[in-house]
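Undergrad: The structure is given below, and queries will be raised subsequently.
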C-alpha cells in the first residue's frame, strides 16, 4: 500500500515552500473600502428628511446668567408627523418658569420648524444638506480607520464655519470671528463603515475666546453619540453642550443634555 508523501512532509518545509512560491498560507479578505470612497458614495445618499418614529426626549438643563438660574428636567413625547402646535406632549417637568418652558417648546411647535428641521436634529448627520460638504476629503484628516469605523479630524476653518452657523446666538458672526474661532477649536468625528454615517462627534475650544462684543467664552464642549434606528440609519442617542463664560462682567453658563429614547414607529401616511 502506498503512503502519501505529504503525510510525512514536514510542516515547516511546506510553510517554507509556500512562502518561496509567494502563495498565502490562509485566505485573506478583500481590502475594505477606504473611508474617502465611502464618504464620496455617501454624498449621493442623503439621510431621510423626515422621522418615521415618535420618541421620548429627556432634557436636563442647567442655565445661569448672573443671579438668574434655570435648572431642572423636561420630558416630552414628540410626534414629528403632527402639525406645529401638536407635536410635543409634556410628560414631566420640574421647571417652574413657564416662559422658559414655552420658549423651549417652540423648538418643536413653531410654524417655522419644518419636518426636515426635526429630522436634522434626530438623525446623525450634517445640520443641513449643504453642510454635508464638511465630510469632503479636503475638509478633514483621517486619523485612523479599520474595517468598521474611521476617526476624522475636521479642518479648523470648516469646523468654525459650522459652529458659527449652528450657535449664532453664542458667537458674533463675521470673518474675524471665524478666524479667532478656527484658531481655538478642535473636533473629532467617528464614522461607521461601510455606511459612512456618523456614530459620534465632539467639538471643543482649546483656550478662552473673546468675541467681538467683548464677551469671553471660557468653555465650549459639544458631544453627540448615535445608535442605529430600526431602519438602519444612525440617530441621536445623547447630545450634550456645555458653555461657560463672562459677558459685561456677568458670568453665564449653559449645560444641556438631551436623550432620545422609546422610539415607536408611526403609522404610514395614507
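Undergrad: Taking the alpha-carbon centroid of each part, what is the distance from the stretch 75-112 to the stretch 55-73 in angstrom?
TA: 14
Undergrad: For residue 99 paired with residue 116, estimate the spin-label separation in nm (one decimal), with each label point 7 Å from Cα along the Cα-to-Cβ line.
TA: With each label placed 7 Å out from Cα toward Cβ, I get 3.4 nm.
Undergrad: Among 73-81, 44-52, how do they line up from the highest to the lowest mean number of other beta-carbon atoms within 10 Å?
TA: The packing order, highest mean first, is 73-81, 44-52.
Undergrad: Cα-based Rg (one decimal) and Dmax (whole number) for the stretch 176-270, in Å?
TA: 17.7, 56
Undergrad: Residues in the stretch 78-100, backbone N under 20 Å from the label point at residue 70 (7 Å along the Cα-to-beta-carbon vector): list them, ranges by number please.
TA: From the stretch 78-100, the list is 78, 85-100.
Undergrad: 7 Å from Cα along Cα→Cβ at both residue 155 and residue 81: what's the point-to-point distance in nm?
TA: 4.4
Undergrad: Between residue 264 and residue 204, take the C-beta separation as r, use R0 = 30 Å, and let me know the FRET efficiency to the nearest 0.05.
TA: Computed FRET efficiency for residue 264 and residue 204 comes out at 0.30.
Undergrad: Over the stretch 31-265, what relative contact order in percent results from Cα pairs under 8 Å that are six or more residues apart?
TA: It rounds to 21 percent for the stretch 31-265.
Undergrad: Taking N as the number of residues in the stretch 31-265, what is its Cα Rg relative to 2.2 N^0.38 Å?
TA: It is 1.06.
Undergrad: Could you give the Stokes-Einstein D for the stretch 43-101 in µm² per second, using the C-alpha Kirkwood radius, 10 °C, 1.306 mPa s?
TA: The estimated diffusion coefficient comes to 116 µm²/s.
Undergrad: Here is a follow-up. Assuming R0 = 25 Å, can you tell me the calculated FRET efficiency for the pair residue 231 and residue 89, based on Cβ-Cβ distance, to the nearest 0.05?
TA: 0.60
Only the coordinates and a few stated rules stand behind these numbers; no lab work does. For clarity, every value in this text was computed on a predicted model and none was experimentally measured. Cβ: placed from backbone, ideal geometry, glycine included. Neighbour counts: every protein chain shown.
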